[in-house]
1. Tell me the residue from A68, A22, A82 that is assigned to a helix (DSSP H, G or I), in contact with a Leu (Cβ under 7 Å, 6 or more places away or on another chain), at pLDDT 90 or above and among the small types (G, A, S), please.
2. Mind checking which residues of region 113-160 are part of a loop (DSSP other than H, G, I, E, B) and within 15 Å of F83 (Cα to Cα)?
3. On the basis of being touching a helix residue (DSSP H, G or I) at 6+ places or on another chain (Cβ under 7 Å), loosely packed, with under 13 Cβ neighbours inside 10 Å and under 26 Å from K49 (Cβ atoms), does S191 make the cut?
4. Can you name the condition, by its number, that Y249 falls short on among (1) within 30 Å of P176 (Cα to Cα); (2) in a loop (DSSP other than H, G, I, E, B)?
5. So which residues in region 280-307 are assigned to a strand (DSSP E or B) and surrounded by fewer than 21 Cβ atoms within 10 Å (Cβ to Cβ)?
6. Could you go through region 172-186 and let me know if any residue there is under 20 Å from N28 (Cα atoms), modelled with pLDDT of 95 or more and within 16 Å of the chain's Cα centre (by Cα).
7. Can you name every residue in region 91-123 that is β-branched (V, I, T), under 22 Å from T167 (Cα atoms) and free of Cβ contacts under 8 Å to residues at least 40 places away in the same chain?
8. Kindly establish whether K218 is more than 18 Å from D250 (Cβ to Cβ) and either surrounded by 11 or more Cβ atoms within 10 Å (Cβ to Cβ) or under 20 Å from the mean Cα position of the chain (by Cα) (or both).
Amino acid sequence: MNLKIKCIFHFGFLLIPFAILAQKNATNLDSYKKTKMLFSAQKDPNLFKVLSYNVYEGFRKDSIYIKAFQKWVAEKGPDVVAFQELNSMSKEKLVDLAKGAGYKYTVLQKRAGFPIALMSKYPITNVVKVTEGMQHGFLYGKIAGYHFFVTHLHPKDYQKRIVEVDTLLKYINRIPKSEKILLMGDLNNMSPLDKSDYDNADKMNLVLNSERNHPDIKTTNNGAIDYTAIQKLLDADLVDSWRLFNTVYDKSAPTQLRQHKNYTRIDYIYLNEALKADAVDATIVKDDLTDTLSDHYPMLLILKKAK
């Protein structure tokens, strides 16, 4: 946590003004405190922690960033890490990354483009890699009794994201609803559950200006943010884990790495109804490292370990 944030908690007279400033930038400072609490040194063997992280073009291919992540994730100790944008990462490099952080099991979806991957303390079985019909595809694996789906939806076009979600749901719906299912990743689409946080002139001006400046970006439908892709997941009885435990809006992008104000929550971990009762907590992970390692913050979900 940087000094500016610390000041809020040490000096009461700074609390209100800075809280107002934080609200304008859509940053929930409680996420920093919650991150520290949930990643405490105490390890509970009855908990299962899942981290999903878009690591910005393979840590920008920089060994300094990779080593910083290895040290960080080794200290935090999530049971499973789901990666998006693991660019320029071979199977061998992923194995080395995992070993350096204390993980034994890895799966890389593909080598080219913007790969998806899993890194786990437990064996990854029944692996399915889908690369056709989607911009980045998805990766499936079964880990410790959980069905993991990791994806990275189309970055520019809401209509293409809708088609990709339909593809995902075809696979997800093949699994009995009594099984424990997780879907996670950078979905590049805002959620209808956050609609009230986006229904303001400042936010809509940012969204519409982005479309005007980048004609290939399609976020709105008839001048309004299109939530269809995420609504389809909700209609399929998938639960937004962050919304289970958080009521005050927080952004997952951008981080301090980017200076634009077009805040958004597009990084998710969904769980099905069969897993909902096992959910303990969830947060957008914010600390000194995640402020600048990527242009997205990671998502953390904590579960009671499957019996």
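1. Matching residue, one of A68, A22, A82: A68.
2. G113, F114, P115, K121, H136, G137, L153 - these are the residues of region 113-160 that are part of a loop (DSSP other than H, G, I, E, B) and within 15 Å of F83 (Cα to Cα).
3. no
4. Y249 satisfies every listed condition except (1).
5. Within region 280-307, V280, D281, K304 qualify.
6. yes
7. Passing the criteria: only V107.
8. yes
The values are calculated or read from the model by the stated rules, or taken from the named source; none is laboratory data. Remember, it's a predicted structure, so these values are computed and weren't measured experimentally. Note that each Cβ is placed from the backbone with ideal geometry, even for glycine, and that neighbours are counted across all protein chains shown.
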